[in-house]
Structure formats: structure tokens, C-alpha cells
Amino acid sequence: MQGGNLEAVGLRFEVDGEIATITLDRPDKRNAQTFALWSALAGIGETLPEQVRVVVVKGEGPSFSAGIDLSMFGQMTGATDLERRIEEFQQAFLWLRRPEIVSIAAVQGHAIGAGFQLALSCDLRIVADDVKFCMKEPALGLVPDLTGTKPLVELVGLAKAVDICLTARTVGAEEAYRIGLAERVVARDELDQAVQDKAAELLSVDRDAAAATKRLLQGARGRTLEDQCAAERAEQIERLRSLARLAEVRR
Ligand code: ACO
């Protein structure tokens, strides 16, 4: 999708070397998310330039995102083929876990519903001290279905995830940091710099080793210790062969 079309759905997309930045850019509507925005996000994932290693997701204005644009609900209740449509929406969120990239959500103000789930889709969350996470879906008679339930449980555990979702309460910065939802809390005016610093740190390690290590870490929970050890060996053998090939070329 071209820049002009992205602007029309309230998105900005910039690539600077190995860092891509996606900005939700509808601050007057608190970056509420439409179906068109999800389609554009999925498109960014499909066409992400190969050199990109870090993807930053941020929101313009006082809130990261107030969740789904409430005007979308009317369009969904009467829709047919809901299974396929929801699966399409989920594509906007899924690609942010790819092993070849590390995604960082820079979250300030409200991150509600789909906004919370977008932040959960990223590998890391750096938040401002005014952050307010809220999984509002159950309060609206819905479930969170934009890929956020798995990372939430994996980050904070089942009991806290039940507490957060089934009360639809707000989680502030101190709690978010304490329970592992946020890697770092900074003052609002330090958020951009903190994210840039983290991106620079992430770019300081070898690209292929980073992707292989992320694959290992992502797979760890679903494997037995024995299988994980086997996966470590397989990735390491590939790394060692690749390093040997490089040394050969340099000789
Ligand atoms: N969808 C559509 N428009 C929205 C949304 C939304 N989710 N959230 C805010 N807006 C609009 C408001 O209607 C308002 O528009 P207007 O100026 O044309 O009247 C504008 O954004 C600013 O909103 P305010 O409420 O004035 O902003 P404030 O900063 O005081 O509050 C807050 C922000 C707390 C996010 C509030 O707007 C809110 O509660 N929004 C709804 C949140 C919600 O229920 N989201 C759905 C969750 S479920 C899901 O995402 C699947």
C-alpha cells in the first residue's frame, strides 16, 4: 500500500536503515483501529523490506490506541463468514512475532482492547509512566480475539490474565512493569529515546544469530527439555557452518 493510502487509514510507515517505524496516526480518535487499518498493517508485514530487523509500533497523541473503532462493531454483527474475516484481522497482529525481526511497542496513555492486543503482539513493550492497559472486550460481551490472549498468559500467568481480562480493569505502569507486561517504564518525554536506545542495543548483535535465537526462545515453551536441547544443537550447527563459510570467504 502506498504512503497516501496509509495516511487515509491513519497510519505512517517509515524505514530508516534496519529500523521500521509504524505510527498509528489518528490522534483525534485516539488511534482507534478500523478494518482498513488492519488490512494495511497486514500489508506492511507482507512487504516489509528485507533489511529491517527492528519494528517499532507507536501511537501519535495522548493514547497509544483506544482499541477497535466502535463504528466497526455494527459492521461485524451482521457479517457473514466471520471465521475467515477474524482470521484476516489477526494477520495484522501475527507477523510482528516473526523471528527475523524484533518488534517493540512504545506505549503511552490508553492501550485498550485491540490497542492492548497490538502492544501484546510485539516482542517488547516500553511504556510511559501514564500507560493504561485495559482488556475491555469482556465488558462489551466479547472475547479478545486479536492474538493477545496467548502472549498475555505467557507474560503474566493464567491467574493475572484472568484477573485483568475478566474485570476489564486498568493496569498502570507500576503494575505493568512488576508483572512483566512492560520491559521498561520511562517518563512520557523519554519514550522515543528509550525505544531508539533499545533498537540500537538489539542491532548490536549478529543478525542471523538473533533470528536463530528468537526461534529457539519462541519454541522453548512448547518443547520438552530434550527436544529443546536438540533444537539448540540444530541451530548451533547451522550457525557454526555459516561462520565457517564466512571465515573461508575472508581468507
Ligand atoms: N472508536 C471510535 N472513536 C473513538 C474511540 C473508539 N474506540 N475512542 C475514542 N474515540 C473518539 C471519541 O469518540 C472522540 O471523538 P470526537 O472528538 O469526535 O467526539 C475522540 O476519540 C476523543 O475521545 P475522548 O473520549 O474525548 O478522549 P479521552 O482522551 O478523554 O478518552 C478514552 C480516551 C479513554 C480512550 C475514551 O475515548 C474511550 O473510552 N474510548 C473507547 C474505548 C473502547 O471502548 N474501545 C473498544 C475496546 S474493545 C476492542 O478494542 C476490540
Rounded to the nearest 0.05, FRET efficiency between VAL52 and ARG12 (Cβ-Cβ, R0 22 Å) equals 0.90
So for segment 111-177, using the alpha carbon gyration tensor with a ≥ b ≥ c as root eigenvalues (a/c under 1.5 gives rounded; past that, a/b versus b/c decides prolate or oblate), I'd call it rounded
Shape descriptor, the chain: equivalent ellipsoid semi-axes (Cα gyration tensor, sqrt 5λ, whole Å, largest first) stand at 31, 21, 19
Interchain or sequence-distant (5+) residues whose placed amide H lies within less than 5 Å of the amide H of ARG26 are ASN31, GLU60
Packing-ranked peptide list from 198-206, 221-229, highest mean Cβ count within 10 angstrom first, is 198-206, 221-229
With a 1.4 angstrom probe the carbon and sulfur portion of accessible area for segment 207-250, in percent, totals 57 percent
ARG241 neighbourhood, Cβ < 12 Å, K/R = +1, D/E = -1, net charge -2
Taking Lys and Arg as +1 and Asp and Glu as -1, residues besides GLU87 with C-beta under 14 Å from its C-beta add up to -2
The long-range amide H neighbours of VAL131, using H built 1.01 Å from N in the peptide plane and a cut-off of under 5 Å, are GLY109, ALA173
Once ASP192 and GLU87 are pulled to full extension, the length gained, defined as 0.36 nm per residue separation minus their Cα-Cα distance, is 34.6 nm
Checked segment 166-251 with the C-alpha gyration tensor, a ≥ b ≥ c its square-rooted eigenvalues, rounded below a/c of 1.5, otherwise prolate if a/b is larger than b/c and oblate if not; verdict oblate
By the Cα gyration tensor axes a ≥ b ≥ c (a/c under 1.5 gives rounded; else a/b larger than b/c gives prolate, otherwise oblate), the shape of segment 207-250 is oblate
Here the membrane-span-like helices of the chain, with no claim about any membrane, defined by DSSP H, Cα axial extent at least 27 Å and mean Kyte-Doolittle at least -1.0, are 225-250
Share of accessible surface on carbon and sulfur in segment 97-149, whole %, 1.4 Å probe and ligands ignored, is 60 percent
Largest-first semi-axes in Å of the equivalent ellipsoid built from the Cα gyration tensor of segment 1-109 are 23, 17, 12
Net charge near GLU232 (other residues with Cβ under 12 Å of its Cβ; Lys, Arg +1; Asp, Glu -1) is 0
Per DSSP, the loop-located GluC sites (Glu not before Pro) within segment 86-126 having at most 15 other beta carbons within 10 Å are GLU100
Expressed per residue, the solvent accessible area of segment 137-226 in Å² (1.4 Å probe) is about 59 Å²
Packing-ranked peptide list from 230-236, 101-107, 25-31, 242-248, highest mean Cβ count within 10 angstrom first, is 101-107, 25-31, 230-236, 242-248
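The values are calculated or read from the model by the stated rules, or taken from the named source; none is laboratory data. What you are looking at is a predicted structure, and each value in this text was computed from that prediction instead of being measured. So basically every Cβ, Gly included, is an ideal-geometry build from the backbone, and we count neighbours across all protein chains shown. Just the protein is used for accessible areas: all its heavy atoms, side chains included, with ligands, DNA and RNA removed. Shrake-Rupley method; radii C 1.70, N 1.55, O 1.52, S 1.80 Å.
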